[in-house]
Amino acid sequence: MPDPASRKPTKRAAQAAETKARLIDVAIEVFSDTDYDQVAVADIAARAKVAHGLLFHYFGNKRGIYLAAVRATAEQLNAAFTFEPGATPREMIHGALEQHLAYLHEHRGLALRLVLGGRGVDSEAWEIYEAGRWHALEAFAGLLGLETTNQALRVVGRAAVSAIDEAVVQWLDDTDVIDAQRLVAWMEALIVACLGTAPVLDETFDLDRAIRALDG
């Protein structure tokens with residue numbers, strides 16, 4: 001007997017998945033542009049051209065669709081830091097930073113309101129994005145052959161992430177001031193500089209190995 005998990009989804013299931021995805025896409029746009037308290041669930045349903053009741057059926061309430069939108073954006077951001085072989089670590093890091101910056105630029109409202117808005121904006125959403133930040137740091141560490149549990153690496157890594165977040169907020173206020181490629185180059189230089197401080201916190205940290213690994 002065929003494995004139920006291997007069966008193709010029914011037309012009804014496929015339609016449901018498409019409807020849920022459309023609602024999430026619209027919710028991302030709405031919550032990017034509007035404060036949570038001012039968002040009406042009916043507006044999301046109307047913009048997605050979906051019956052009001054279906055939104056509640058799939059997500060329960062406004063909080064449910066909001067968190068689904070947050071998780072979806074976190075997954076899209078994390079995709080930049082899923083490295084595939086075929087380039088040097090430095091090239092992969094450069095590409096990931098480019099993709100990350102391009103996504104935030106394309107979704108400026110989302111970036112400023114949700115992703116980079118700080119813990120006070122919404123603690124639960126912040127924790128979802130925090131998990132994404134740790135995912136990116138662990139991906140970088142793995143790329144360089146470094147131990148992801150090394151506390152010095154975690155400290156300097158978070159310092160780099162915080163500095164990059166703040167720089168992106170400033171850049172999004174006026175993207176004409178600094179060219180995007182220059183900002184990416186600065187991010188790369190910042191990461192290398194932060195790595196250079198790790199031995200101050202941990203004398204056993206193998207900085208030379210990390211730097212050598214960057215160029216594969």
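The values are calculated or read from the model by the stated rules, or taken from the named source; none is laboratory data. Just so it is clear, the structure is predicted and the values come from calculations on it, not from any experiment. Every residue, glycine as well, gets a Cβ built from its backbone with ideal geometry; the counts of neighbours run over all protein chains shown. Please note that ligands, DNA and RNA were not included when accessible areas were found on the heavy atoms of the full protein model with its side chains. Shrake-Rupley method; radii C 1.70, N 1.55, O 1.52, S 1.80 Å.
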_Cα Rg over Rh - region 49-205, Kirkwood_ = 1.02
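For Cα pairs less than 8 Å apart in space and 6+ apart in sequence, what is the mean separation divided by the residue count of the chain, i.e. the relative contact order in percent? Please report the intermediate quantities before stating the final value.
Numbers: 174 pairs, mean separation 44.1, N = 216.
Reported as a whole number, the value is 20 percent.
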*Per residue of region 30-38, in order, report the coupling 6.51 cos²θ - 1.76 cosθ + 1.60 (Karplus, θ = phi - 60°) as ³J(HN,Hα) in whole Hz, putting x for Gly and Pro.*
5, 6, 5, 9, 9, 4, 3, 5, 8
*asked:* Heavy atoms of the protein only, probe of 1.4 Å, neighbouring chains included. What is the accessible area of D202 in Å², nearest 10?
replied: 40 Å²
*Let me know the longest stretch in the chain that avoids all trypsin sites (Lys or Arg not before Pro) found in a DSSP loop with at most 12 other C-beta atoms within 10 Å.*
50-216
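Which value in deg cm²/dmol, rounded to the nearest 500, describes the helix-derived mean residue ellipticity at 222 nm for the chain, given -39,500 (n - 2.57) per DSSP H run of n ≥ 4 and division by the residue count?
Details: 9 runs with 148 residues, N = 216.
Only helices count here, giving -23000 deg cm²/dmol.
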_Value in Å of the Kirkwood radius, where region 76-148 supplies the Cα pairs that are averaged_ = 13.1 Å
*Quick one: Cα centre-to-centre distance for region 156-179 and region 46-94, in angstrom?*
22 Å
*Does region 162-208 come out rounded, prolate or oblate, given a ≥ b ≥ c as the square roots of the eigenvalues of its C-alpha gyration tensor, rounded meaning a/c under 1.5 and, failing that, prolate meaning a/b above b/c?*
prolate
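Counting only other residues whose beta carbon sits under 10 Å from that of A213, what net charge do I get with K and R as +1, D and E as -1? If you can, show how the numbers build up before the last one.
Numbers: positive: R90, R209, R212; negative: D206, D208, D215.
It works out to a net charge of 0.
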*Computed over the Cα atoms of region 27-93, what is the convex hull's projected area averaged over all directions, in nm²?*
6.0 nm²
*Contour minus end-to-end for T88 and E166, with contour as 0.36 nm per residue of separation and end-to-end as the Cα-Cα distance?*
25.3 nm
*Note down the relative contact order for region 30-102 as a percent, whole number, built from C-alpha pairs under 8 angstrom at least six residues apart.*
18 percent
*For the chain, with a Gaussian network of springs between Cα atoms less than 10 Å apart, report the residue from V155, V168, V30 with the top mean-square fluctuation.*
V155
*Which shape class applies to region 124-179: rounded if a/c is under 1.5, otherwise prolate when a/b exceeds b/c and oblate if not, where a ≥ b ≥ c are the square roots of the Cα gyration tensor eigenvalues?*
prolate
*Filtered GluC sites (Glu not before Pro), region 140-201: DSSP coil and at most 13 other beta carbons within 10 Å*: E147
*Separation between the D176 and R108 pseudo-spin-labels, each 7 Å from Cα along Cα→Cβ, expressed in nm?*
1.1 nm
*Protein chains only, probe 1.4 Å: how do E130, E29 rank by accessible area, largest first?*
E29, E130
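Ignoring any ligand, DNA or RNA, what whole percent of the accessible area of region 165-216 comes from carbon and sulfur when the probe is 1.4 angstrom? Before the final figure, lay out the partial values.
On the way: 1670 of 3190 Å².
On region 165-216, the fraction of accessible area on carbon and sulfur atoms equals 52 percent.
With the other protein chains left in place, how much accessible area per residue, in square angstrom, belongs to region 104-180 at a 1.4 angstrom probe?
Averaged over the residues of region 104-180, the accessible area is 49 Å².
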_Whole-number percent relative contact order across region 33-161, with pairs defined as alpha carbons under 8 Å at least 6 apart_ = 22 percent
*Return one number: the angle in degrees, 0 to 90 and rounded to the nearest 10, between the long axis of the Cα atoms of helix 180-201 and the longest principal axis of the Cα atoms of the chain.*
60 degrees
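Less than 13 Å Cβ to Cβ from R90, Lys/Arg counted +1 and Asp/Glu -1: what total charge do the surrounding residues give?
On the way: positive: R212; negative: E91, E98, E188, D215.
Net charge in that neighbourhood comes out at -3.
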*Could you do me a favour and compute the accessible area per residue for region 23-82, 1.4 Å probe, result in Å²?*
48 Å²
